[in-house]
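Asks: Pasting in a structure now, in structure tokens, and then I'll have a few things to ask.
The values are calculated or read from the model by the stated rules, or taken from the named source; none is laboratory data. None of the values given here were measured: they were computed from a predicted structure. When we count neighbours, we look across all protein chains shown, and the Cβ atoms used for this are built from the backbone with ideal geometry, even at glycine.
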Amino acid sequence: MRKFGPESWKLGIAVIAIAALAASAGCKKKAVDPFPPSGAVAGWEKASETRVFAAKDLWQYIDGDAEQYLAAGVVSTSTSDYKNQGQLDAVVDVYTMNDEAGARKILESGESSSAKKVQVGDAGLAYEQSVTFRKGPYLVRIVAYESTPGTEQALLELAHGVEARL
Amino acid sequence: MKSRREFLKEAAAGAALLGTSAAAEKLAFAAPAGKSKVVIARDASLHGASTQPDEQKVLNLLDKAMAAYTGREKPVEAWKSVIPASILAGKTIGLKVNGLGGRGIATHPALILAVAERLQQAGVKAGEIVVWDQNAHFLEACGMTIGTDPSRMRCYPADSAGFDDEESQWGVAKIRLTKILTRDCAMVINLPILKDHQLAGVTFSMKNMYGVVDKPFLLHANGCNPAVADLNCIAEIREKVWFTVGDAISSVYDGGPGFHPERLWYPNALVVGEDRVAIDHTAWGMIEKQRAAAGVPTLEAAGRKPGYIATAADEAHRLGTCDPTRIRLVEV
């Protein structure tokens, strides 16, 4: 019978460790940066650093609003400011939920009779100054701080820019 | 740990002490028969084409509100009748703003600057005014720039100033208070912004005190009731934050406290008073009126009746009144 020496044990442990790492990496979702850099969407500049909040810290960003996202299974939230043509300011919030159902729940809770359905992601809603859409486990909300004749169209273009990165 | 009865006894004693100086002046313009006076001052022309109101018009509206509240036409005299002389003479006054909803629905910079301007004309040095909120992002949402130069109006957040090492407690509110309230300021003028609130129903005067504590999310149970009332009973809050200049220049009547432009409306108003319960009761009425106009169910029908307002008025809390027959509402 063949005996296993110390070298053989080391080799075995190394093989198992590499296999475990590979399996772990394979299970993780791919890292996503949903925020288009300046110029990636015509007219839009990324105007701030991205801030990221884990679910337990979401109150620091939207205390009082956080509970509905927590109840729907939010994992993390990232946000960044944008500026269009140097004038129109907007904020993009990306909520990463546990699953698609969570994103759907939040989107549907924000629907009212004045909302327009838009073709962004799996489903989307637009108002004069905001676009909200979901794609898989992601719920994206883009809000402008003022209304101009071109606001709605500009927000939709930015929404498509975010969608393409998810 | 002190019992609620002991806290009540101490709070009452504190209120009596406060009454010897500040309240003596306040009685001069209190409403008759012990009623709580609340002023709503409006100017429909506050907004032009811009989303931000006209600064001069906001200053004029503040003057109108203060004149109606105090009965003193000259703005400086009005402010001097509200702020005790002992505080005007060299003590620091905080302006607690609210930027939680982001730039779209935060205390307006025009109002913050208007209050600061009148305080300085009443004798407060610029460096003795501190504009503050929970964190730097909230302050930036209010159009403020962080700065601690003692020769200028200062602006810094609660989380950088730090919180008391020891917890304060009243009822279910067991929290640590920001040192801006406990260490830096002799008095804080409350500058909340009127909003619907998904948990509490309405957020205005009393709810704005959630920005005073280290972990406000721990006070959200049961629609923030009795947490809002309990929190406002903590001696430092009750005794230092007794004057409200509420921002109802713009508001969200549904979907708050975050910014939902599709539910934004412009009351173009300021709400001024000392009875925080009467102010919140009045604010609740304003929100309900707009919800009805927009065809949205009442807060009670939506399961979000702001029960903390009645709790704040009950025998245990005695923070003010929500009895309409005991509120003298003055609309100008």
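Asks: In the range B:92-115, which residues are part of a loop (DSSP other than H, G, I, E, B), within 14 Å of another protein chain (Cβ to nearest Cβ) and of a type in the set (A, V, I, L, M, F, W, C)?
Replies: B:Leu100, B:Ala106
Asks: Considering only residues that are outside any strand (DSSP E or B) and within 14 Å of chain B (Cβ to nearest Cβ), look in the range A:134-153 and name the one that is nearest to A:Val120 (Cα to Cα).
Replies: Applying the filter and picking the extreme gives A:Glu152.
Asks: Could you run through the range B:261-290 and say how many residues are over 21 Å from B:Ala110 (Cβ atoms) and touching a residue at least 40 places away in the same chain (Cβ under 8 Å)?
Replies: Residues flagged as over 21 Å from B:Ala110 (Cβ atoms) and touching a residue at least 40 places away in the same chain (Cβ under 8 Å) within the range B:261-290 amount to 11.
Asks: For the range B:138-162, name all the residues that are of a type in the set (D, E, K, R) and surrounded by 13 or more Cβ atoms within 10 Å (Cβ to Cβ).
Replies: Listed by number, the residues that qualify are B:Glu140, B:Arg154, B:Asp159.
Asks: For B:Leu218, which of the numbered conditions (1) closer than 22 Å to B:Gly320 by Cα; (2) assigned to a helix (DSSP H, G or I); (3) over 16 Å from the mean Cα position of the chain (by Cα) fails to hold?
Replies: Just one mismatch for B:Leu218, condition (1).
Asks: Tell me which residues, restricted to the range A:75-105, are of a type in the set (A, V, I, L, M) and at pLDDT below 95.
Replies: Of everything in the range A:75-105, just one residue is of a type in the set (A, V, I, L, M) and at pLDDT below 95, namely A:Leu88.
Asks: Check B:Ala278, B:Ala293, B:Ala227, B:Ala310 and return the single one that is farther than 30 Å from B:Ser50 by Cβ and surrounded by fewer than 24 Cβ atoms within 10 Å (Cβ to Cβ).
Replies: One residue alone meets the criteria, B:Ala310.
Asks: Go through B:Thr182, B:Thr178 for me and flag whichever is surrounded by fewer than 24 Cβ atoms within 10 Å (Cβ to Cβ), among the hydroxyl-bearing types (Ser, Thr, Tyr) and free of Cβ contacts under 8 Å to residues at least 60 places away in the same chain.
Replies: Just a single option satisfies the conditions, and that option is B:Thr182.
Asks: Another question, then. Scan A:Gln60, A:Gln129, A:Gln68 and give me the residue that is within 11 Å of chain B (Cβ to nearest Cβ), in contact with a Pro (Cβ under 7 Å, 6 or more places away or on another chain) and of a type outside the set (Asp, Glu).
Replies: A:Gln129
Asks: From the list B:Gly246, B:Gly256, pick out the single residue that is surrounded by 24 or more Cβ atoms within 10 Å (Cβ to Cβ) and farther than 13 Å from B:Ile287 by Cα.
Replies: So the residue among B:Gly246, B:Gly256 that is surrounded by 24 or more Cβ atoms within 10 Å (Cβ to Cβ) and farther than 13 Å from B:Ile287 by Cα is B:Gly246.
Asks: Do we have B:Ile189 as within 30 Å of A:Tyr145 (Cβ to Cβ) and β-branched (Val, Ile, Thr) here?
Replies: It is true that B:Ile189 is within 30 Å of A:Tyr145 (Cβ to Cβ) and β-branched (Val, Ile, Thr).
Asks: Residue by residue through the range A:48-85, note down the ones that are of a type in the set (Phe, Trp, Tyr) and in contact with a Ser or Thr (Cβ under 8 Å, 6 or more places away or on another chain).
Replies: Once the filter is applied, which keeps residues that are of a type in the set (Phe, Trp, Tyr) and in contact with a Ser or Thr (Cβ under 8 Å, 6 or more places away or on another chain), the range A:48-85 yields A:Phe53, A:Tyr61, A:Tyr69.
Asks: Within the range B:127-137, take every residue that is closer than 16 Å to B:Pro109 by Cβ and more than 14 Å from every other protein chain (Cβ to nearest Cβ) and give me the one that is surrounded by the fewest Cβ atoms within 10 Å (Cβ to Cβ).
Replies: B:Val130
Asks: Keeping to the range B:205-215, report how many residues are at the interface with chain A (Cβ under 10 Å from one of its Cβ atoms) and modelled with pLDDT of 95 or more.
Replies: 3
Asks: Name the one entry in A:Ala42, A:Ala55, A:Ala71 that is modelled with pLDDT of 80 or more and surrounded by 15 or more Cβ atoms within 10 Å (Cβ to Cβ).
Replies: The match here is A:Ala55.
Asks: Determine whether the range B:143-156 contains at least one residue that is among the hydrophobic types (A, V, I, L, M, F, W, C), under 23 Å from B:Met66 (Cα atoms) and away from chain A (no Cβ under 14 Å).
Replies: yes
Asks: Something else now. Among the numbered conditions (1) under 22 Å from B:Thr178 (Cβ atoms); (2) part of a loop (DSSP other than H, G, I, E, B), tell me where B:Gly123 comes up short.
Replies: Unmet condition: (1).
Asks: For the range A:25-133, give me every one of the strands (runs of 3 or more DSSP E) that falls completely inside it and has 1 or more residues that are of a type in the set (A, V, I, L, M) and free of Cβ contacts under 8 Å to residues at least 40 places away in the same chain.
Replies: A:51-54, A:74-84, A:123-127
Asks: OK, next. Among what's in the range A:109-137 and is of a type in the set (Ser, Thr, Tyr) and crowded, with 21+ Cβ neighbours inside 10 Å, pick the residue that is farthest from the chain's Cα centre (by Cα).
Replies: A:Tyr127
Asks: So the check is Cβ under 9 Å with 6+ separation or different chains; which pairs have a first residue in the range A:142-166 that's more than 13 Å from B:Pro261 (Cα to Cα) and a second one that's of a type in the set (D, E, K, R) and in a loop (DSSP other than H, G, I, E, B)?
Replies: A:Arg165/A:Asp33
Asks: Right, another one. Return a yes/no flag: does the range B:237-252 have any residue that is within 26 Å of B:Asp43 (Cβ to Cβ), within 14 Å of chain A (Cβ to nearest Cβ), part of a strand (DSSP E or B) and in contact with a Phe, Trp or Tyr (Cβ under 8 Å, 6 or more places away or on another chain).
Replies: Yes: one or more hits.
Asks: Please go through the range B:52-91 and pick out each residue that is farther than 18 Å from B:Ile189 by Cα, free of Cβ contacts under 8 Å to residues at least 60 places away in the same chain and either surrounded by fewer than 17 Cβ atoms within 10 Å (Cβ to Cβ) or within 14 Å of chain A (Cβ to nearest Cβ) (or both).
Replies: Passing the criteria: B:Gln52, B:Asp54, B:Glu55, B:Gln56, B:Asn60, B:Gly71, B:Glu73, B:Lys74.
Asks: Give me a count of the residues in the range B:254-280 that are more than 9 Å from chain A (Cβ to nearest Cβ) and under 18 Å from B:Asn208 (Cβ atoms).
Replies: So the answer is 13.
Asks: A further question follows. With respect to B:Val202, determine if the residue is within 12 Å of another protein chain (Cβ to nearest Cβ), of a type in the set (Val, Ile, Thr) and not in a helix (DSSP H, G or I).
Replies: Yes.
Asks: Go through the range B:173-199 and give me each residue that's polar (S, T, N, Q) and either closer than 21 Å to B:Ala313 by Cβ or within 13 Å of another protein chain (Cβ to nearest Cβ) (or both).
Replies: Hits for the range B:173-199 are B:Asn190, B:Gln198.
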